[in-house]
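Right, one structure below, let's go through it.
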Amino acid sequence: MNAPGVPVIRNVNWGGLRTLYIKEVRRFFKVQLQTIWAPAITTLLFLIIFTVATGGKRPVMVGGVAVPFADFIAPGLIVMGMLQNAFANASFSLLVGKIQGTIVDYLMPPLSTAELLVAMVGGAVTRAICVGLAVSLAMALWPGVHIVPHHPLAILWFGLLGSAFLALVGVLTSIWAEKFDHAAAVQNFVIAPLTLLSGTFYSVDTLAPAFRAFSHVNPFFYIISGFRYGFLGTADSPVLVGGAVIFAIDVALGILCYALLRSGWKIKN
């Protein structure tokens, strides 16, 4: 029983969840030249440099199938841009509130911990999708690159779950970090190296056994390999295993983020 006159929101506060999600989306969309189009141009430059400077006509063996280098590298660059921007958006949410003293804007509204987490992750995934579409558009206009979906379900699965994975890592970073240098350190010394060493620019089948084993414990490898499978129809790792691994990691990270947000660690105390 509730006290007379005390408003109670039962089940899910859809209005509050939608409002916070729109706030997260509007925040990066107001500076879309920086948050969406700039990453698209940067990723296109990666494509141009690697295809022109290293011989774009050289085929790459993926799962025993010869694939043109430009077609091989394009899906990896698309999802790489999505992952990095999902992390950037989520790692900024709570951190800027803690630094500027506006963290109360996240804590005072009548939102549950789950609703707060879903809104922040949803905003980061939305930015990742916008970046992915912008990068795909830029690459579609570049001659010699063929981006044709063969398995749309794989593209959606690894694109969305991969973006959610980096968004959850960004939320963890946002909770832990006390200044922008901390978030930048995670981006520069963890996210960027693991992304670049995940088979974006090469097939892991060509690596030495030790480096190949390292690649197979890198979750970014499964995201990029599965996303590439959606376009090429072939992959250098078991797609179902990779999909299950990313899903399990997302669930584990989601539970961890929920527990930390609920406890208020480094946020309320």
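Quick note: the coordinates plus some simple rules give every number you see, no bench work behind them. None of the values given here were measured: they were computed from a predicted structure. Glycine gets a Cβ as well: all are built from the backbone with ideal geometry, and neighbour counts include every protein chain shown.
Grab the DSSP H runs of the chain that are 4 residues or longer, score each as -39,500 (n - 2.57), total them, divide by all residues and round the 222 nm result to the nearest 500 deg cm²/dmol.
The helix-only estimate for the chain comes to -22000 deg cm²/dmol at 222 nm.
Go from 0 up to the bin containing the longest alpha carbon distance in the stretch 1-156, width 10 Å each, and give me the % of pairs per bin.
Histogramming the stretch 1-156 at 10 Å steps yields 10, 30, 26, 17, 11, 4, 2, 0 percent.
Counting other C-beta atoms within 10 Å, which of 82, 139 has the fewest, and how do the rest follow?
Ascending number of Cβ neighbours within 10 Å: 139, 82.
Which residue fluctuates the most in the chain, going by a Gaussian network model with Cα springs under 10 Å, if the choices are 111, 33, 95?
Looking only at 111, 33, 95, the largest GNM fluctuation is found for 33.
What's the angle, to the nearest 10 degrees (0 to 90), between helix 152-176's Cα axis and the longest principal axis of the chain?
With both axes taken from Cα atoms, the answer is about 50 degrees.
Within the stretch 215-245, which residues have the backbone N less than 15 Å from the label spot 7 Å out from residue 148 along Cα→beta-carbon, could you tell me?
Those under the cut-off are 230-234.
Using only Cα atoms, locate the centre of the stretch 146-180 and the centre of the stretch 245-269, then give the distance between them in Å, rounded to an integer.
The two parts, judged by their Cα centres, are 16 Å apart.
More than 17 Å apart: what percent of Cα pairs in the stretch 145-236 qualify?
For the stretch 145-236, the fraction of Cα-Cα distances above 17 Å is 57 percent.
With the cut-off at 18 Å, tell me which of the pairs 179/266; 23/179; 30/268; 23/268 have Cα atoms farther apart than that.
Those over the limit are 23/179; 30/268; 23/268.
Read through the labelled values (i) 1.02; (ii) 1.06; (iii) 0.95 and report the label of the one computed as Rg/Rh (Cα atoms, Kirkwood Rh) from the structure.
Label (i) holds the value from this structure.
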